[in-house]
Ligand SMILES: CC(C)(COP(=O)(O)OP(=O)(O)OC[C@H]1O[C@@H](n2cnc3c(N)ncnc32)[C@H](O)[C@@H]1OP(=O)(O)O)[C@@H](O)C(=O)NCCC(=O)NCCSC(=O)c1cc(O)c2ccccc2c1O
């Protein structure tokens, strides 16, 4: 088994934040946000970063990012209606892959309710093969590197 990736829970570790509100149908029968929902908040935060900060245009760009790996550690419950923030940092940029460090915080909290990682690969849509992460993305991503 691969070494577990360090996923710090302190808010000060993260460099980009995306605010959101939990939704009615996030809760399961325990009255908690269900484990599967955390990934949607992580997706939203990364999508927002890529489209708003990096200029990604998923429908028209020749290449886009695909998720090849994701993980989540659940530390404290979240439920509806909570206001939440997802913190983002770049753990690693390779040739064609990027690993994001992520954490979900209740608004105002300094300690995360969940932490995780997403690994994206930059993929040419025509060939469905990996391609080098372009310099303009790399430059903005590096500003979030730990
Ligand atoms: C993505 C693939 C086409 C890659 O296959 P290929 O053979 O071209 O590439 P390699 O295997 O050589 O790897 C290149 C590169 O990636 C690293 N890598 C590969 N697999 C893993 C892994 N499991 N974990 C970690 N890293 C991995 C490898 O080390 C290389 O790194 P370098 O940096 O050294 O280059 C092919 O794998 C494929 O088609 N996979 C299926 C992808 C998929 O269907 N994903 C789910 C749907 S996509 C998605 O959910 C999603 C897409 C978005 O665009 C989003 C955008 C914003 C937010 C969320 C999004 C989102 O959720």
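No value in this document is a laboratory result; all are computed from the given coordinates. All of these numbers come straight from a predicted model, not from anything done at the bench. Don't worry about glycine lacking a Cβ; one is built from the backbone with ideal geometry, like all the others, and counts go over all protein chains shown.
Within segment 45-68, residues that are without any contact (Cβ under 8 Å) to a residue 24 or more places away in the chain reach partners that are within 6 Å of the ligand (Cβ to nearest atom) with beta carbons closer than 6 Å, at six or more positions or on different chains, in the pairs 58/64.
Out of the residues in segment 1-41 that are in a loop (DSSP other than H, G, I, E, B) and within 16 Å of the chain's Cα centre (by Cα), which is surrounded by the fewest Cβ atoms within 10 Å (Cβ to Cβ)? The extreme case among them is 6. Within segment 110-141, being closer than 22 Å to residue 71 by Cα and loosely packed, with under 15 Cβ neighbours inside 10 Å holds for 110, 111. Could you grab me the full set of residues in segment 58-79 that are in contact with a helix residue (DSSP H, G or I) (Cβ under 9 Å, 6 or more places away or on another chain), within 11 Å of the ligand (Cβ to nearest atom) and in a loop (DSSP other than H, G, I, E, B)? Across segment 58-79, the qualifying residue is only 58. Select, from 101, 116, 108, the only residue that is within 23 Å of residue 44 (Cβ to Cβ) and out of contact with any helix residue (DSSP H, G or I) (no Cβ under 9 Å at 6 or more places or on another chain). Only one candidate qualifies: 108.
Is it true that some residue in segment 80-88 is touching a strand residue (DSSP E or B) at 6+ places or on another chain (Cβ under 9 Å), within 15 Å of the ligand (Cβ to nearest atom) and farther than 25 Å from residue 23 by Cβ? The answer is no, given that none of the residues of segment 80-88 is touching a strand residue (DSSP E or B) at 6+ places or on another chain (Cβ under 9 Å), within 15 Å of the ligand (Cβ to nearest atom) and farther than 25 Å from residue 23 by Cβ. Of the residues making up segment 81-104, those that are in a loop (DSSP other than H, G, I, E, B) and surrounded by 15 or more Cβ atoms within 10 Å (Cβ to Cβ) are 82, 96.
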